[in-house]
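This report concerns only the one structure given below.
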Amino acid sequence: MSSRFPDAHSHVFDDLVLRVRRWDAVSPDPRNVIVLVHGIGVSSRYFMRLANVLARSATVLSIDLPGFGPNKRPDRQLSVEDLGAVVATYLVDAGIRAPILVGHSMGAQVVVETARRLPAAGLVLIGPVVDERAPTAWQQGMRLARDVVHESPSSNWIVLTDYLRSGIRWYLTELPAMLGYRIEETLPLLDVPVLVIRGAQDPVAPEGWARALARRSPGARVVSVPGSGHVVQHTGTAAVAAEIEQLAENIRARTVANG
């Protein structure tokens, strides 16, 4: 399938701007709506490969969170709860029901908060943060620096240019919100199928942390994609998409079986 990067449409909630790119399913009967939420400092750009693959069988929405990508920087810090709430508000207003929520890095925190506010069919946490064994900015920064050698030139370029566009001031404004959020405490509050995906070489979300987090949600699975680092959705797209599509199929089958 040819690569597509749809135009983004802005949605304003009070003083917060959220932008959404939509991929309509190639198949005439899309089985799911899949929502993609990026991490700190970056944007929807690093989801392009994944979105194009997932759009074979689902409608895909990729979100640029307030303050990130080309969006206006707010004049205050936004908590993870704030970000989850604005995503949930958009989805409700758009009439999106029971989506599969996919979040990468800090985006994993955001989709967990979104799922607290609206019914979700499933949660996919890609390279989730913050590992409770490395909770400081210094530790996270060192892990992120180590990850560079495990990324492709294109993923490093996307992340670097997005960081530059976001700006150090906004990054440092939001960093404490990310570091202070305890995803391992919130996840057990949700009754939803959970899939944790990480790159096998990801130092930001090591396997021990991914498995510890998965144990907080009954039935959650952990998948490590060989040869990929933190931005596994860009470098290991086929494997990540296959896992998400299988989750979607399992959810659909369970829904049919339950009437």
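The values are calculated or read from the model by the stated rules, or taken from the named source; none is laboratory data. Everything numeric in this text was worked out from a predicted model, so none of it was measured. Cβ: placed from backbone, ideal geometry, glycine included. Neighbour counts: every protein chain shown.
Data overview
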{"read-out": "Positions within region 224-235 being touching a strand residue (DSSP E or B) at 6+ places or on another chain (Cβ under 9 Å) and crowded, with 19+ Cβ neighbours inside 10 Å, in sequence order", "value": "Ser224, Val225, Ser228, Gly229, His230, Val231, Val232, Gln233, Thr235"}
{"read-out": "Residues (more than 23 Å from Gln140 (Cα to Cα) and in a strand (DSSP E or B)) located in region 54-74", "value": "Ala58, Thr59, Val60, Leu61, Ser62, Ile63"}
{"read-out": "Region 144-172, subset among the hydroxyl-bearing types (Ser, Thr, Tyr) and surrounded by 18 or more Cβ atoms within 10 Å (Cβ to Cβ), residue farthest from Met106 (Cα to Cα)", "value": "Ser155"}
{"read-out": "Some residue of region 174-197 being in contact with a Gly (Cβ under 8 Å, 6 or more places away or on another chain) and within 20 Å of Asn71 (Cα to Cα)", "value": "yes"}
{"read-out": "Residue check, Val204 outside any helix (DSSP H, G or I) and in contact with a helix residue (DSSP H, G or I) (Cβ under 9 Å, 6 or more places away or on another chain)", "value": "yes"}
{"read-out": "Filter pass, Met106 being of a type in the set (A, V, I, L, M, F, W, C) and touching a residue at least 24 places away in the same chain (Cβ under 8 Å)", "value": "yes"}
{"read-out": "Failed condition for Ala85, given (1) crowded, with 22+ Cβ neighbours inside 10 Å; (2) not in a loop (DSSP other than H, G, I, E, B)", "value": "(1)"}
{"read-out": "Any pair with Cβ under 6 angstrom, 6 or more apart, that starts in region 1-29 at a residue that is closer than 12 Å to Lys72 by Cα and ends at one that is basic (Lys, Arg) and at pLDDT 80 or above", "value": "Ser10/Arg19; Val17/Lys72"}
{"read-out": "Filter result (within 11 Å of Val35 (Cβ to Cβ) and of a type outside the set (A, V, I, L, M, F, W, C)) within region 65-110", "value": "Tyr90, Pro99, Gly103, Gly107"}
{"read-out": "Filter result for the condition that a residue is of a type in the set (Lys, Arg), closer than 26 Å to Ala137 by Cβ and over 18 Å from the mean Cα position of the chain (by Cα), over Arg252, Arg216", "value": "Arg216"}
{"read-out": "Test: Gln201 is more than 17 Å from the chain's Cα centre (by Cα), of a type in the set (S, T, N, Q), within 15 Å of Ile126 (Cβ to Cβ) and surrounded by 13 or more Cβ atoms within 10 Å (Cβ to Cβ)", "value": "yes"}
{"read-out": "Every residue from region 197-250 that is under 20 Å from Val149 (Cβ atoms) and basic (Lys, Arg)", "value": "Arg198"}
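So that you can scan it fast, the table gives a plain yes or no per residue for (1) surrounded by 19 or more Cβ atoms within 10 Å (Cβ to Cβ); (2) not in a loop (DSSP other than H, G, I, E, B):
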site	(1), (2)
Met48	yes, yes
Asn52	yes, yes
Arg76	no, no
Asp131	yes, no
